[in-house]
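Working notes, structure below.
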Amino acid sequence: MKDYEDDFSITYQEITRQQSGWKNALQALKGERSKYLEIVDQFKGRVWVFTGCGTSYYLAQTASSIFEMLTGLPTKAVPSSEILIFPGLVFNSADKYLAIPISRSGSSTEVVKAAEKVKTELNIPTLAVSCSSDSQLIKSSDLSLTFPFETEESVVMTGSFTTMLLSIVYLASLLLDDGEFADKLDELADESYRLMKDFEPMVETIANDENINHFVFLGQGPFLGLANEAALKIQEMSISLSQSYHALEYRHGPKSTASDNTLITILFSESGKAYEAHLANDMKALGAKTLVLQGKSYSDLSGTSHHLVEAPTRFGDVFNPFMYLPLLQLLGYYKARSKNINPDSPKNLSAVVTFETQYDGNHE
Ligand code: F1P
């Protein structure tokens with residue numbers, strides 16, 4: 001059995017250290033509890049618009065679902081490019097908004113320009129979330145949600161996704177006043193790390209299956225953003241074909257491309273487990289390989305899924321994204337290794353995407 005600890009890939013180290021980073025971030029956020037309580041109190045009568053680019057957009061999708069599930073406040077998630085190009089489709093004149101631009105670097109062109117636009121042209125307050133507390137985005141925003149974070153060297157975002165998500169879940173928890181919820185928040189890091197270590201060998205075995213070269217990720221509610229992110233991780237790290245959909249949408253056409261080279265991963269929700277168990281059964285009948293991630297007691301899937309990850313039941317739809325994602329990141333990492341691709345420097349990608357917004361027609 002390979003001794004994982006000796007893996008020098010920065011991406012591997014950033015994936016496997018993320019849970020300890022959550023503990024530091026949570027402690028710092030608790031230290032500023034009154035500041036953040038004031039923010040949620042001040043803006044709880046507004047529509048919270050989460051926005052970002054790439055991984056940070058999929059984080060915005062997951063965060064808006066979880067924030068609305070926890071607080072009951074209206075939210076939406078949009079790519080920052082939509083705010084730049086079709087702001088009227090994001091903001092109407094009737095509602096009052098708070099914009100939450102999310103960015104690991106705080107420098108991606110679209111999110112920085114979108115934050116400026118909503119603040120200066122649309123007069124909408126901005127609460128920026130970033131791992132870079134001295135970034136342009138943080139400096140140009142009205143408010144910020146920042147925390148200590150060990151800078152990620154890898155081009156691909158891993159721990160930054162989960163730690164920024166954790167900070168937004170913490171913000172929502174301030175409107176709950178629920179001791180049991182606060183306990184789960186404290187237990188999350190150790191439980192997620194344990195699950196990651198327990199199922200890492202299985203994930204590596206799946207990744208080493210040379211027959212699998214097509215990846216499909218399926219999820220509903222907060223798990224759609226996670227499915228989108230898992231598909232991006234497989235693309236970015238292993239340069240493999242991957243897609244993501246609302247779970248039950250997969251039957252309505254996309255399943256036509258499934259084959260015995262396909263791994264269909266279903267991110268089970270507590271809310272949709274009956275539908276998702278049925279879907280897992282149908283997908284196996286297609287001849288595809290299936291990987292299910294679920295809460296322990298959700299459904300008896302023995303024989304229904306080729307591979308099964310079972311997270312502690314008590315965490316549910318709000319916390320299971322933190323249980324599932326590190327393993328999905330490792331799937332991308334090990335697929336890259338199995339294809340002798342260096343996951344630390346993905347093809348055609350840079351850690352920060354910036355570009356000139358004024359196009360003068362001159363081609364290099
Ligand atoms: C967003 C992002 C990443 C992607 C790559 C380029 O960055 O698109 O999602 O993996 O690193 O940048 P950020 O705005 O969150 O810094």
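The values are calculated or read from the model by the stated rules, or taken from the named source; none is laboratory data. A quick note: this is a predicted structure, and the numbers were derived from the prediction, not measured. Reconstructed Cβ throughout: ideal geometry from the backbone, glycine too, with neighbour counts over all protein chains shown.
What to note about this one:
- Some residue of the range 200-216 being over 20 Å from PRO343 (Cβ atoms) and surrounded by 19 or more Cβ atoms within 10 Å (Cβ to Cβ): yes
- Criterion violated by MET237 - all others in (1) surrounded by fewer than 23 Cβ atoms within 10 Å (Cβ to Cβ); (2) within 16 Å of the chain's Cα centre (by Cα); (3) within 16 Å of the ligand (Cβ to nearest atom) satisfied: (1)
- Of the residues making up the range 66-99, those that are of a type in the set (Ser, Thr, Tyr) and farther than 23 Å from SER167 by Cα number 2.
- Exactly one residue out of ILE83, ILE124 is within 15 Å of the ligand (Cβ to nearest atom) and more than 18 Å from GLY159 (Cα to Cα): that is ILE83.
- Taken over the range 305-344, the residue count meeting the criterion of being farther than 26 Å from PRO201 by Cβ and either more than 17 Å from the chain's Cα centre (by Cα) or within 16 Å of the ligand (Cβ to nearest atom) (or both) is 0.
- The range 91-113 - residue that is away from the ligand (no atom under 14 Å from the Cβ) and buried (at least 21 other Cβ atoms within 10 Å of the Cβ) and, of those, nearest to the chain's Cα centre (by Cα): ALA99
- Candidates in the range 286-303 are the residues that are under 25 Å from the mean Cα position of the chain (by Cα) and surrounded by fewer than 14 Cβ atoms within 10 Å (Cβ to Cβ); of these, the one that is farthest from SER192 (Cα to Cα) is SER297.
- Checked against (1) outside any helix (DSSP H, G or I); (2) within 14 Å of the ligand (Cβ to nearest atom), SER160 passes all but a single condition, namely (1).
A quick yes/no check of all residues on (1) under 17 Å from PRO79 (Cα atoms); (2) at pLDDT 95 or above; (3) hydroxyl-bearing (Ser, Thr, Tyr); (4) touching a Cys at 6+ places or on another chain (Cβ under 8 Å):
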site: SER144; (1), (2), (3), (4): no, yes, yes, no
site: ILE168; (1), (2), (3), (4): no, yes, no, no
site: SER173; (1), (2), (3), (4): no, yes, yes, no
site: GLU180; (1), (2), (3), (4): no, no, no, no
site: TYR193; (1), (2), (3), (4): no, yes, yes, no
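- Consider the range 62-81 and keep the residues that are assigned to a strand (DSSP E or B) and either touching a helix residue (DSSP H, G or I) at 6+ places or on another chain (Cβ under 7 Å) or at pLDDT below 95 (or both). The one that is farthest from TYR97 (Cα to Cα) is PRO79.
- Filter result for THR265 (hydroxyl-bearing (Ser, Thr, Tyr), within 24 Å of the chain's Cα centre (by Cα) and more than 20 Å from THR62 (Cβ to Cβ)): no
- Some residue of the range 274-285 being over 22 Å from PRO326 (Cβ atoms) and surrounded by 21 or more Cβ atoms within 10 Å (Cβ to Cβ): yes
- Every test in (1) assigned to a helix (DSSP H, G or I); (2) within 15 Å of the ligand (Cβ to nearest atom) is passed by VAL129 save one, and that test is (1).
- When the range 18-52 is limited to residues that are buried (at least 24 other Cβ atoms within 10 Å of the Cβ) and not in a helix (DSSP H, G or I), the one that is nearest to the ligand (Cβ to nearest atom) turns out to be GLY52.
- Residues (within 25 Å of LYS233 (Cα to Cα) and among the hydroxyl-bearing types (Ser, Thr, Tyr)) located in the range 171-220: SER192, TYR193, THR205
- Of all residues in the range 132-146, those satisfying the criterion of being out of contact with any strand residue (DSSP E or B) (no Cβ under 6 Å at 6 or more places or on another chain), closer than 21 Å to VAL49 by Cα and part of a loop (DSSP other than H, G, I, E, B) are SER132, SER133, SER135, THR146.
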